[in-house]
Amino acid sequence: MPHTKNLQKWSHVLLVASYACLACAPLSVLAAVQSDEATQLFAGLGRAQIAVLCLLWLFKPLVLMGAFWQMTRLFSHFKSGEVLTEAAAICIKRIGQCLLGAAVISFVTVPLQSLLISLNKAAGARSVSVAISSDMILFAMAGGLIIVIGWAMREAASVAQENRAFV
């Protein structure tokens, strides 16, 4: 393959970047919970509400950590020259599933957060917010695209395996 060296070189770079993102994801959650914005948001909330909010805030980073983990696996395969394999296709599909999951989590988390935050308010002051952002749409579309690419890659890997069996 004429582009093998480039594939292996960039796979190594992206492997290191994926490990860095995987390591930094928990730190971003800690920073968010410790921020002044979170402190102001927590004011007036009970312990149970704060605990549930923190759990809600953990879902998306955990799913994205799953995507980063799958990326480390994928780039490890690519770095070692395993390109058209079922293992690589499975990693690609799982990355897409994680991105799609992050979009769904974002959509569901917004109304739950607004409900929890306004729960202690008077009956007429409670509210539920529903929002769709361009980030949610981008994550959903990218996730769906990558899932389909994973399926196509699995088919290509199957054909490649059949071809190797004939040779």
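The values are calculated or read from the model by the stated rules, or taken from the named source; none is laboratory data. Keep in mind that what you see is a predicted model, and the values were worked out from it rather than measured. Positions of Cβ are generated from backbone atoms using ideal geometry, with glycine treated the same way; all protein chains shown enter the neighbour counts.
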(message) Let me spell it out: the conditions are (1) under 20 Å from the mean Cα position of the chain (by Cα); (2) closer than 26 Å to Glu162 by Cα, and Cys54 meets all of them except one. Which number is the exception?
(response) (2)
(request) Return the only residue of Leu27, Leu64 being under 16 Å from the mean Cα position of the chain (by Cα), in a helix (DSSP H, G or I) and closer than 22 Å to Ala140 by Cβ. (result) Leu64
(message) Report every pair of residues separated by at least 6 positions or lying on different chains whose Cβ atoms are under 7 Å apart, first residue within region 3-18 and over 11 Å from Phe78 (Cβ atoms), second surrounded by 12 or more Cβ atoms within 10 Å (Cβ to Cβ) and modelled with pLDDT of 95 or more.
(response) Ser18/Phe68; Ser18/Met71; Ser18/Thr72; Ser18/Phe75
(request) Within region 46-58, track down each residue that is closer than 16 Å to Leu115 by Cβ, out of contact with any Ser or Thr (no Cβ under 7 Å at 6 or more places or on another chain) and either outside any loop (DSSP other than H, G, I, E, B) or at pLDDT below 85 (or both). (result) Ala48, Gln49, Ile50, Ala51, Val52, Leu53, Cys54, Leu55, Trp57
(request) Output yes when any residue across region 114-127 is loosely packed, with under 15 Cβ neighbours inside 10 Å, under 28 Å from Gln34 (Cβ atoms) and among the charged types (D, E, K, R), and no when none is. (result) yes
(request) Looking only at region 118-151, count how many residues are without any contact (Cβ under 8 Å) to a residue 40 or more places away in the chain and either in a helix (DSSP H, G or I) or out of contact with any Pro (no Cβ under 9 Å at 6 or more places or on another chain) (or both). (result) 16
(request) Go through region 35-51 and count every residue that is surrounded by fewer than 11 Cβ atoms within 10 Å (Cβ to Cβ) and either closer than 27 Å to Met71 by Cβ or in contact (Cβ under 8 Å) with a residue 40 or more places away in the chain (or both). (result) 1
(request) Would you mind stating whether Phe78 is of a type outside the set (Val, Ile, Thr), touching a residue at least 24 places away in the same chain (Cβ under 8 Å) and either more than 17 Å from Leu22 (Cα to Cα) or touching a strand residue (DSSP E or B) at 6+ places or on another chain (Cβ under 7 Å) (or both)? (result) yes
(request) Hey, could you check region 126-150 for residues that are of a type in the set (Gly, Ala, Ser) and more than 12 Å from the chain's Cα centre (by Cα) and say which is farthest from Ser114 (Cα to Cα)? (result) Gly150
